[in-house]
Amino acid sequence: MVLFVLELEWVLSTGQDKQFAWHCSESGQRLGCYRTSAVASGLQFDVETRHVFIGDHSGQVTILKLEQENCTLLTTFRGHTGKI
Ligand SMILES: *[C@@H]1O[C@H](CO)[C@@H](O)[C@H](O)[C@H]1NC(C)=O
């Protein structure tokens, strides 16, 4: 999945490699990445808080806070027994 965040000029993406990554859409530079526990199947971003929500095939939702060049794991929700 791919999300473009106009306000920050970021492109957020997830792949079959279980990586979540974000890039600067102006420079093309990779700003950071995070390995999720399974292949992602849902992706949402809140511009104001810079929180990203990644649902995956293990049934987990990972919430990260993104900065310009790093990210912090805030929490994970494990409320599903099947794929999200
Ligand atoms: C993450 O990046 C922010 C802004 O770029 C910086 O202020 C902060 O110190 C960095 N945190 C770590 C853990 O490197």
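The values are calculated or read from the model by the stated rules, or taken from the named source; none is laboratory data. Only a predicted model underlies this, so the values are computations on that prediction, with no experimental measurement involved. Positions of Cβ are backbone-derived with ideal geometry, glycine not excepted, and every protein chain shown enters the neighbour counts. SASA here: full protein model, heavy atoms, side chains in, ligands and nucleic acids out. Shrake-Rupley method; radii C 1.70, N 1.55, O 1.52, S 1.80 Å.
Taking the Cα centre of the chain as reference, the dipole from Cβ charges on Lys and Arg (+1) and Asp and Glu (-1) amounts to some 460 debye. Counted over all Cα-Cα pairs of the chain, pairs farther apart than 16 Å make up 46 percent. Between the amide H of Leu31 and those of Trp22, His23, Cys24, distances stay under 5 Å, these residues lying 5 or more places away or on another chain, with hydrogens modeled in the peptide plane.
Amide H contacts of Ser37: none lie under 5 Å away among residues 5 or more positions distant or on a separate chain (H built 1.01 Å from N in the peptide plane; Pro and chain starts excluded).
Report, to the nearest whole %, how much of the accessible area of segment 2-77 belongs to carbon and sulfur atoms, 1.4 Å probe, protein only.
The computed percentage sits at 49.
Here each label is just a point 7 Å from Cα along the line to Cβ, and for Val2 and Gln16 those points are 1.7 nm apart.
Accessible area per residue for the chain, computed on protein heavy atoms with a 1.4 Å probe, is 59 Å². Have a look at Ser25, His80, Leu64 and report the one farthest towards the positive end of the charge dipole of the chain, computed about the Cα centre with Cβ charges (Lys/Arg +1, Asp/Glu -1). Checking the options against the dipole of the chain, the answer is His80. Highest-first packing order for the peptide set 32-41, 67-76, 51-60 is 51-60, 32-41, 67-76, based on the mean count of other beta carbon atoms within 10 Å.
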